[in-house]
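Nothing in this text is a laboratory measurement; each read-out follows from the coordinates by a stated rule. A quick note: this is a predicted structure, and the numbers were derived from the prediction, not measured. Quick reminder, even Gly has a Cβ in these numbers, built from the backbone with ideal geometry, and neighbours come from all protein chains shown.
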Amino acid sequence: MTVRVRIAPSPTGDPHVGTAYIALFNYVFAKRHGGQFILRIEDTDRTRSTPESEAAILRALRWVGLSWDEGPDVGGPHGPYRQSERADIYRREVANLVATGASYRCFCTAERLDKLRAEQKGKSNFMGYDGHCRGLDPAVSDARAAAGEPFVVRLAMPKTGETIVVDRLRGEVRFENTQIDDQILLKTDGFPTYHLANVVDDHLMGITHVIRAEEWLTSTPKHVVLYSAFGWTAPEWIHMPLLRNADKSKISKRKNPVSLDYYRAAGFLPEALLNFLGTMGWSIAGDREKFTLQEMIDAFSFDRIRLGGPVFDLVKLSAMNADYLRALDDDGVVARLRQWRLADDYLRSLVPLVRKRIQRLDEFVPLTEFFFSGDVDHAPWLKELVPAHRTATEVSECLLGLVEALDAQRDFSPPALEAMARAFAEKSAWDVKELFMLMRLAATARKATPPLFETLSVLGRDMTRRRLRLCADFLKKSKP
RNA sequence: GACCCCAUCGUCUAGUCCGGCCUAGGACAAUGGCCCUUCAAGCCAUGAACACCGGUUCGAAUCCGGUUGGGGUCGCCA
């Protein structure tokens with residue numbers, strides 16, 4: 001049996017460092033055993049998935065140095081590799097399940113479910129669907145569906161006994177069936193949920209090992225039941241520990257940069273990032289922490305994974321990055337600088353912003369310095385950041401609000417940014433002039449810069465968000 | 001709250017499976033020093049952990065039980 005594994009990101013946002021982490025272990029395991037590593041796009045959330053996000057994820061994964069044997073861009077014998085293009089497959093498979101009674105239509109409204117949840121909250125030990133439509137007469141169900149009434153399809157979980165998940169890293173994990181609710185498999189819009197699509201695709205694509213994050217562990221019994229309902233052999237499960245913030249909570253953008261694009265923009269070397277991720281929960285040897293991708297492949301074994309959630313420490317990553325940088329010769333560093341920012345493309349995007357502001361070429365570098373630095377120091381601007389009529393907390397909150405707005409802002413062109421900022425000003429009752437200066441100071445640590453939105457546009461989403469957040473943190477600490 | 005997972009220096013980890021080699025090793029960070037016109041880098045040194053309580057055993061970081069702590073999940077998101 002040849003090993004086939006996959007990484008299955010959802011294109012609903014920035015390329016996540018956790019995706020690279022899990023992709024790395026999948027990739028390494030596949031290569032260790034001469035198997036295949038597949039990339040599948042899980043875009044069944046029609047409201048949140050975007051082609052831009054998909055492209056960004058592919059680009060980021062490539063940047064980090066991982067490549068896949070099959071995927072939406074490279075094709076393969078088990079395509080399509082984009083779940084939105086496989087909708088008919090899921091509908092076909094789920095129809096079989098309804099026919100055998102392993103799943104059923106549910107006509108409950110969102111309102112009813114909300115009410116149910118509210119009632120259960122705090123009172124009941126069981127949280128989840130109450131099986132209201134489970135006993136519906138199939139003839140009635142058929143008639144209501146035929147009449148055009150919207151419905152979802154749910155998995156009929158066994159009501160007794162337990163489901164055992166065999167996890168490669170933990171052994172048998174047991175779940176009482178009574179506490180697992182009837183998972184929705186097919187949504188009202190006809191698209192599958194993760195649980196269905198994931199099982200169907202893993203089976204159809206011949207996936208042998210599912211290496212994914214620990215957050216999936218508690219929904220795995222549903223997948224076990226699904227496999228058996230289909231009559232399919234389940235893959236082997238391997239749930240990796242979750243990357244953590246410094247406070248041990250699951251890594252999040254509020255407490256850590258999580259976008260791979262940030263790490264690229266901040267000048268981390270992809271091989272250093274990969275090496276660092278390889279030390280998260282895994283070790284190559286007791287006294288060794290530097291290794292190449294190939295060395296990791298050669299040495300890889302699940303036996304060397306520990307399950308405590310590793311804290312993603314930027315300081316340690318930076319130290320490792322420094323090691324890689326020092327190992328490069330001078331030409332190597334030059335090459336990396338060019339790949340990073342000192343490239344014609346980037347300089348060209350800067351020139352329109354400053355050409356009228358310089359009289360001599362030697363003014364270019366000082367004027368554009370903040371485009372080339374990572375984190376900036378806001379300390380000298382405390383007075384300007386927090387004018388007399390504002391409190392530090394107030395300004396900090398405003399910045400955090402902006403970061404949130406920026407998170408959602410896919411279009412980073414100057415006009416789009418300006419529209420966003422003006423809308424934000426209106427909504428938050430901040431004076432436009434004041435808000436714009438705040439953004440300028442936070443993003444650049446300067447009072448005088450090229451036009452704000454052109455500047456932010458070139459600076460990019462990741463660096464802009466990082467600096468605003470840093471500024472908000474600084475203010476929060478400075479004067480509570 | 002219910003269920004599930006986890007538990008070695010501040011952090012990443014070795015050691016845990018097959019108990020003695022562990023007065024617990026390495027790395028990052030911290031501190032002190034050396035080097036040096038400066039700053040880095042480099043080198044040397046120091047402090048720093050087996051969560052707790054029981055049990056098994058001649059012997060436990062290692063095995064068992066409990067407690068505590070942390071995390072995750074309970075979405076027509078993945």
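Work out the FRET efficiency for residue A:233 and residue A:99 from their Cβ-Cβ distance, taking R0 = 30 Å, and round it to the nearest 0.05. Efficiency, from the Cβ-Cβ distance: 0.90.
Please list the three semi-axes, largest first and in whole Å, of the ellipsoid equivalent to the stretch A:64-212, using sqrt of 5 times the eigenvalues of its alpha carbon gyration tensor. Over the Cα atoms of the stretch A:64-212, the ellipsoid semi-axes are 30, 22, 15 Å.
Taking a straight line from the alpha carbon of residue A:115, these aspartates and glutamates sit under 14 Å away, with near neighbours fewer than eight places off in the same chain left out: A:130. Distance between the modelled labels on residue A:124 and residue A:248, one decimal in nanometres: 3.2 nm (7 Å Cα→Cβ projection).
Isolated cysteines of chain A, defined as having no other cysteine beta carbon under 4.7 Å away, are A:108, A:398, A:471. For the stretch A:371-461, chymotrypsin sites (Phe, Trp or Tyr not before Pro) are listed when DSSP marks them as loop and at most 15 other Cβ atoms sit within 10 Å of their Cβ; the list is empty.
The Cα-based radius of gyration and maximum Cα-Cα distance (Dmax) for the stretch A:313-391 are 17.6, 53 Å. Name the shape class, rounded, prolate or oblate, that the alpha-carbon gyration tensor gives for the stretch A:423-480, where a ≥ b ≥ c are the square roots of its eigenvalues, rounded holds for a/c under 1.5, and otherwise prolate holds if a/b is larger than b/c and oblate otherwise. Note, shape of the stretch A:423-480 comes out oblate.
What's the extension gain from residue A:85 to residue A:62 if we count 0.36 nm per residue and subtract their Cα-Cα distance? Display every interim value, and only then the final one.
Working: separation 23, 0.36 × 23 = 8.28 nm, distance 2.30 nm.
Here the segment from residue A:85 to residue A:62 would lengthen by 6.0 nm.
Over the Cα atoms of chain A, the radius of gyration divided by the Kirkwood radius equals 1.01; this is the Rg/Rh ratio.
With the simple spin-label model, which puts each label point 7 Å out from Cα in the Cβ direction, the residue A:330 to residue A:147 separation comes to 8.3 nm.
Starting from the alpha-carbon convex hull of the stretch A:1-60, give the projected area averaged over all orientations, in nm².
Working: hull surface 16.6 nm².
In nm², the orientation-averaged hull projection of the stretch A:1-60 is 4.2.
Per-residue ellipticity at 222 nm from helix content only, as computed over chain A with -39500 (n - 2.57) for each DSSP H run of at least four residues, stands at -14500 deg cm²/dmol. Put simply, the amide H of residue A:209, placed in the peptide plane, has neighbours under 5 Å in A:4, A:236, leaving out anything fewer than 5 places away on its chain.
Going highest first, how would you order A:385-393, A:262-270 by mean Cβ packing within 10 Å? Before the final figure, lay out each step's value.
Working: A:385-393: 13.9, A:262-270: 21.0.
Peptide ranking by packing, descending: A:262-270, A:385-393.
Checking every one of the trypsin sites (Lys or Arg not before Pro) in the stretch A:355-387 against DSSP loop status and a limit of 12 other Cβ atoms within 10 Å picks out A:360. On a C-alpha basis, how far is the centre of the stretch A:271-289 from the centre of the stretch A:111-145 in Å? Whole number, if you could? Centre-to-centre distance over Cα atoms comes out at 47 Å.
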